[in-house]
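Any read-out appearing in this document is the output of simple, stated calculations on the displayed coordinates, not a laboratory observation. This one's a predicted model, so the numbers in the text were calculated from it and none came from an experiment. All Cβ positions, glycine included, derive from the backbone under ideal geometry; neighbour counts span all protein chains shown.
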Amino acid sequence: MDITEEINRLRVEKRAVILAHNYQLPEIQDIADFVGDSLELSRKAATTDAKIIVFCGVHFMAETAKILSPMKTVLLPDLRSGCPLAYTITFEDVKKLRLENPKAAFVCYINTSADVKAECDICCTSSNAVDVVNSVSAETVVFLPDRNLGNYVSKHTARKMIIWNGFCPTHENLKREDVVELKKIYPAAKFVAHPECTSDVLELADKIASTSGIIKYVKTESSQSFIIGTETAIIHRLKKENPDKNFIPASRKMFCPNMKYNNIESLYEALANEQPEIDVPEKIREKAFLTIDRMLKIGKKD
Ligand code: CIZ
């Protein structure tokens, strides 16, 4: 059996759309209908007439797709692909924080489970976090779960920020010394970093951006070389879209093993068996939808 042919046959037969996050394996990116960030992919899938969404990403991403497309079946090829950052906070933690900070606005990063989103006021992505925080009327904001994105936002807002102490191990694997060394070797290269990196790393960046922001920056910036401060799999897409430019991973340790549980075999199995399915209880989905919708209404996704 040619597995790629089988996937192509099944995706048509079952009216499935295949989504690949920017951090997925190259073969998954190449076979997907769309490659992008989690919100962009979920929004795109919602506009299609697909019956099935296969989300090659991590658990909260498939949940986000379900929140936006409740009538579609959402599949995650491998249930082990969870996000360690999202797992640093539970909805019980948020409820407790609410009691402690009754007047604060609760802003959650997209990297949260559906039930955490349901307990918050407004969602944000790494590209619009500053605008979202500045849009709330409360003087105090509880920002969760990423401490580095939270610290970055706190430098661009007058709001008092209470920041949850969660972090992404893949982004914290990048150390300032790694960047300093690479800048010596490639002095003309621009260093572009994701805001989930630590603040001492971000200080060195020519550009701080989300994965979609990194993709746009590299395309429009005249420089020929870029040191990439995010999960290394994004380099596959960057090379494909910019064959004349040179990309240097800021650290080989910026590798997310959870993202890589999805592979061609598990994608095929998911399509063939329509499993594992990701569901979100309707009451939670409705509340989480509002949290995302409030972000979309402020009009700045990117
Ligand atoms: O929302 C996403 O896709 C994440 C987690 C990161 C980004 O910057 O795109």
Would you mind telling me which residue in 63, 231, 172 has the biggest mean-square fluctuation in a Gaussian network model of the chain, where springs connect alpha carbons within a distance under 10 angstrom? 172
For the stretch 165-302, what is the convex hull volume of its Cα atoms per residue in Å³? 161
What's the center-to-center distance, using Cα atoms, between the stretch 155-220 and the stretch 240-302 in Å? 20
Under 28 Å from the Cα of residue 95 - lysines, other chains or at least 8 residues apart: 66, 103, 117, 155, 160, 283, 287, 297, 300, 301
Any lysines whose Cα falls less than 17 Å from that of residue 14, other than same-chain ones fewer than 8 residues away, would be 51, 72
Packing-based ranking, highest mean first, of 215-222, 193-200 given that Cβ atoms within 10 Å are counted: 193-200, 215-222
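Stick to the Cα atoms of the chain, pair each with every other, and give me the Kirkwood hydrodynamic radius in Å at one decimal.
This gives a value of 19.7 Å.
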Within the stretch 174-254: Cβ-based charge dipole about Cα centre, in debye rounded to nearest 20 (Lys, Arg +1; Asp, Glu -1): 260
Subtracting the Cα-Cα distance of residue 158 and residue 79 from 0.36 nm times their residue separation yields 24.4 nm
Under the rule that a partner needs its Cβ under 4.7 Å from the first Cβ, which Cys of the chain have none? 56, 83, 123, 124, 168, 197, 256
Which translational diffusion coefficient, to the nearest whole µm²/s, is obtained for the stretch 30-113 from the Stokes-Einstein equation, given a Kirkwood hydrodynamic radius over C-alpha pairs, 25 °C and 0.890 mPa s? 173
Please list, or write none, the lysines whose alpha carbon is within less than 17 Å of the alpha carbon of residue 219, excluding same-chain residues fewer than 8 places away. 190, 207, 239, 240, 245
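Given Cα pairs under 8 Å that are at least 6 residues apart, what percent is the relative contact order of the stretch 174-254?
Working: 119 pairs, mean separation 25.7, N = 81.
Once normalised by length, the contact order is 32 percent.
Rank by packing, highest mean first: peptides 35-41, 268-274, 208-214, with packing defined as the count of other Cβ atoms within 10 Å averaged across residues. Intermediate results must be reported in sequence, preceding the final value.
Numbers: 35-41: 23.9, 268-274: 16.9, 208-214: 21.7.
In descending order of packing, they fall as 35-41, 208-214, 268-274.
Using DSSP, restrict attention to beta bridges with both residues in the chain and report what percent are antiparallel, rounded to the nearest 5.
5
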If you average the sequence gap of Cα pairs under 8 Å that are 6 or more apart and divide by the length of the chain, what percent do you get for the contact order? 23
Hey, rough spin-label estimate for residue 87 and residue 180, points 7 angstrom out along Cα→Cβ, what's it come to in nanometres? 3.3
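Mind checking Rg over Rh on the stretch 150-208, alpha carbons, Kirkwood formula for Rh?
Values: Rg = 12.9 Å, Rh = 12.6 Å.
Expressed as Rg/Rh, it is 1.03.
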For the stretch 174-254, which semi-axes, largest first and in whole Å, follow from the square roots of 5 times the eigenvalues of its Cα gyration tensor? 18, 13, 11
